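*Asks:* Sharing a structure below in structure tokens format, with a few things to ask.
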Amino acid sequence: MQKERQGSLSPEVLLGYPDSDTELDEKEMDRREIQRIWSSSVPFSDLLEDDAQLVKVMFGMGKISSTTLKKFGVRFFKPTKSLVLPWFSGRDSSLRGLKLLSAECKGEDQVIYKDVTFPKPGLYHNLFGLQLIGRKDTEVVLTGREVDTLAVSQATGLPSVALPRGVSCLPPVLLPFLEQFKRVTLWLGGDLRSWEASKIFARKLGLKRCSLIRPGETQPCPSDALAKGMNLNKILKASIPAAHKSIISFRQLREDVFGELANKEQVAGVKWSRFPELNKILKGHRKGELTVLTGPTGSGKTTFISESALDLCMQGVNTLWGSFEINNVRLAKIMLTQFSQQRLEESLDQYEEWADQFEELPLYFMTFHGQQNIKTVIDTMQHAVYLYDISHVVIDNLQFMMGQENLSVDKFAVQDHIISTFRKFATGSSCHVTLIIHPRKEEDDKELQTASIFGTAKASQEADNVLILQEKKLVSSQGRRSLQVAKNRFDGDVGIFPLEFNKTSLTFSTPKSKTKLRKVKGDTAEKPVKTLSSAGRTPSEEGAKKKK
């Protein structure tokens with residue numbers, strides 16, 4: 001910086017490791033594929049007018065002019081009927097990568113968009129529209145989709161760029177490209193997830209220079225606003241500063257409160273696709289919460305959480321695993337088996353295909369194993385949140401982290417300190433932390449309760465959710481494992497439902513028979529749920545009648 005007499009680092013100055021021969025070969029293959037697709041794609045000006053309009057409507061660009069598409073270099077790839085969104089270098093405007101966006105109809109009125117990037121998202125970092133940014137520009141609008149950037153540019157004439165991975169991640173390697181701007185307006189979308197991402201990304205970019213567009217009916221995403229004939233300049237002027245004071249009144253909170261009331265389903269969090277019964281009780285997986293899971297030794301706590309976290313990760317939840325009990329190779333093997341839902345030992349010819357798909361997931365592992373110091377673990381988690389925008393951390397398990405602490409201190413006091421540290425991290429980083437804690441020794445014939453969690457009551461008090469993996473027949477005669485939700489701070493619903501373990505795929509799923517979910521009020525551990533048979537009798541009464 002001193003040598004070039006610059007006030008900030010150039011985006012071209014990136015610290016990294018030299019590429020291996022394999023990586024160089026992959027880059028060369030990607031480069032050829034990019035050039036092949038680019039040379040085979042067609043500019044919109046070369047399409048028939050009716051065809052061009054049909055493609056625009058298909059991708060939600062009905063109001064985007066052909067001039068704007070040409071300006072950003074957007075093309076159409078006929079073989080796969082995909083939109084070609086190029087990434088150009090900001091320095092020499094050379095083609096560095098591209099995204100293929102395809103549309104699929106699901107049902108009568110639902111369209112699903114899928115994208116493929118060259119190179120892979122983890123290997124290349126750029127911003128759509130970067131080549132149009134001038135060196136003297138001091139203001140930029142940051143969007144989560146390329147279509148939104150086209151809309152902002154066309155309607156306002158302001159510099160605008162789109163993040164390559166949408167609202168899921170803002171890699172630090174992109175920050176130098178945004179260093180020159182004194183004002184950054186984040187307009188990432190029209191839903192609650194976009195609003196949460198805006199607040200997190202503003203921390204990385206610097207709160208003082210960032211302004212946010214709050215989603216709502218009068219402030220949808222840019223492409224929808226353009227389609228509805230709204231004034232985009234007016235919406236941008238209504239942006240609010242990202243920085244806030246330490247003390248505020250309800251006046252500053254009223255819009256956030258209204259947003260939560262109006263978006264009930266989105267506030268509930270990400271839904272599990274493999275555990276619908278869990279959705280009925282917990283309603284979803286939310287950022288900023290602490291979940292505690294306990295269960296008997298060998299009941300399958302790691303296996304269950306592995307599948308639960310994988311389920312969310314497949315839906316775009318950036319996940320960090322801290323496995324202190326089993327090594328990462330074994331954990332990855334379990335998760336890959338759950339991902340493919342088959343024994344890959346018996347189908348080694350399919351391994352590469354499944355591994356390629358698994359590699360695309362936003363899944364990361366800490367390299368710790370065995371006993372670790374809490375400060376080291378928290379530092380690693382904070383680094384991961386900054387670098388990869390992690391929103392779910394799994395710690396397996398708490399007892400293994402206590403070995404390096406001061407042995408002269410009461411172990412229960414140490415455990416309480418660790419739990420409160422995780423609680424503070426979850427709230428401060430807007431990140432969900434799932435903590436596995438072994439129970440204290442109980443008699444085999446007794447059901448576990450919230451009080452069975454090892455240590456003091458601190459764990460259950462600090463936790464937003466308490467899950468207990470019971471290894472008994474609690475609800476019905478089917479299955480020997482059940483999952484009990486003993487605490488749910490979000491809306492108070494608690495309950496229990498059976499789980500069935502599939503040894504081939506290492507997955508838990510609810511039994512296929514019509515088992516009714518039982519919701520209970522209060523702590524179900526203290527008041528076990530009675531299940532009635534079709535005649536209205538309890539299982540014990542039913543058995544007595546049969547004996548008679």
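*Asks:* If ligands, DNA and RNA are left out, what is the accessible area of residue 275 with a 1.4 Å probe, given in Å² to the nearest 10?
*Replies:* Rounded to the nearest 10, that gives 0 Å².
*Asks:* Which whole number of Å³ per residue matches the convex hull of the alpha-carbon atoms in the chain? Mind dumping the intermediate values first?
*Replies:* Values: hull volume 113.8 nm³, N = 548.
Taking the convex hull of the Cα positions in the chain, it is 208 Å³ per residue.
*Asks:* Determine the per residue accessible area of the chain with all protein chains present and a 1.4 angstrom probe, expressed in square angstrom. Don't jump to the answer; show the numbers that get you there.
*Replies:* Values: 29500 Å² over 548 residues.
The answer is 54 Å² per residue.
*Asks:* Kirkwood Rh, segment 225-376, all Cα pairs: how many Å?
*Replies:* On the way: mean 1/r = 0.0511 Å⁻¹.
After inverting the mean inverse Cα-Cα distance, the result is 19.6 Å.
*Asks:* Which residue, chosen from 163, 398, 98, occupies the Cα position most advanced towards the positive end of the dipole of the chain, where the dipole is computed from +1 (Lys, Arg) and -1 (Asp, Glu) charges on Cβ about the Cα centre?
*Replies:* About the Cα centre, the residue reaching furthest to the positive side is 398.
*Asks:* Compute, for residue 105, the solvent-accessible surface of its heavy atoms (probe 1.4 Å) with the complete set of protein chains present, and express it in square angstrom to the nearest 10.
*Replies:* Per-residue accessible area (residue 105): approximately 120 Å².
*Asks:* Starting from the residue with the highest accessible area, list 292, 111, 42 in decreasing order, probe 1.4 Å. Intermediate results must be reported in sequence, preceding the final value.
*Replies:* On the way: 292 0, 111 65, 42 30 Å².
Result of the area sort, largest leading: 111, 42, 292.
*Asks:* Take the residue pairs 63/182; 56/114; 287/424 and return only those whose Cα atoms are more than 20 Å apart.
*Replies:* On the way: 63/182 30 Å; 56/114 16 Å; 287/424 13 Å.
Checking Cα-Cα distances, 63/182 exceed 20 Å.
*Asks:* Over segment 292-359, what lengths in whole Å, largest first, do the semi-axes of the equivalent ellipsoid take, defined as the square roots of 5 times the eigenvalues of the alpha-carbon gyration tensor? Before the final figure, lay out each step's value.
*Replies:* Numbers: eigenvalues 96, 44, 23 Å².
That gives 22, 15, 11 Å for the three semi-axes.
*Asks:* Could you sort 120, 441, 280 by their accessible area in this structure, using a 1.4 Å probe and putting the largest first? Provide the component values of the computation, followed by the final result.
*Replies:* Numbers: 120 85, 441 185, 280 110 Å².
From most exposed to least exposed: 441, 280, 120.
*Asks:* Going by a ≥ b ≥ c, the root eigenvalues of the Cα gyration tensor, does segment 171-273 fall in the rounded group (a/c under 1.5), the prolate group (a/b larger than b/c) or the oblate group?
*Replies:* Values: a/c = 1.31, a/b = 1.21, b/c = 1.09.
It comes out rounded by the Cα gyration axes.
*Asks:* Give 199/283; 81/234; 120/237; 237/375 a once-over and call out the pairs whose C-alpha atoms are over 31 Å from each other.
*Replies:* Pairs exceeding the cut-off: 81/234; 120/237; 237/375.
*Asks:* If you don't mind, there's one more thing I want to ask. To the nearest 10 square angstrom, how much accessible area does residue 93 have with a 1.4 angstrom probe?
*Replies:* Number for this one is 60 Å².
*Asks:* Calculate what fraction, in whole %, of the accessible area of the chain sits on carbon and sulfur atoms when a 1.4 Å probe is rolled over the protein chains. Before the final figure, lay out each step's value.
*Replies:* On the way: 15200 of 29500 Å².
Taking all protein chains in place, the chain shows 52 percent carbon and sulfur surface.
*Asks:* Would you rank 375, 27, 204 by solvent-accessible area, highest first, keeping every protein chain in place and using a 1.4 Å probe? Could you put the intermediate results ahead of the total?
*Replies:* Numbers: 375 130, 27 105, 204 30 Å².
Output order, biggest surface exposure first: 375, 27, 204.
*Asks:* What relative contact order, as a whole-number percentage, does the chain give when Cα pairs under 8 Å and 6 or more residues apart are counted? Walk me through the numbers on the way to the answer.
*Replies:* On the way: 924 pairs, mean separation 54.2, N = 548.
Normalised by residue count, the contact order of the chain is 10 percent.
The values are calculated or read from the model by the stated rules, or taken from the named source; none is laboratory data. Quantities reported herein were computed from a predicted structural model and do not represent experimental measurements. FYI the Cβ positions are ideal-geometry reconstructions off the backbone, even for glycines, and counts take in every protein chain you see. These accessible areas exclude ligands, DNA and RNA; they are computed on the full protein's heavy atoms, side chains included. Shrake-Rupley method; radii C 1.70, N 1.55, O 1.52, S 1.80 Å.
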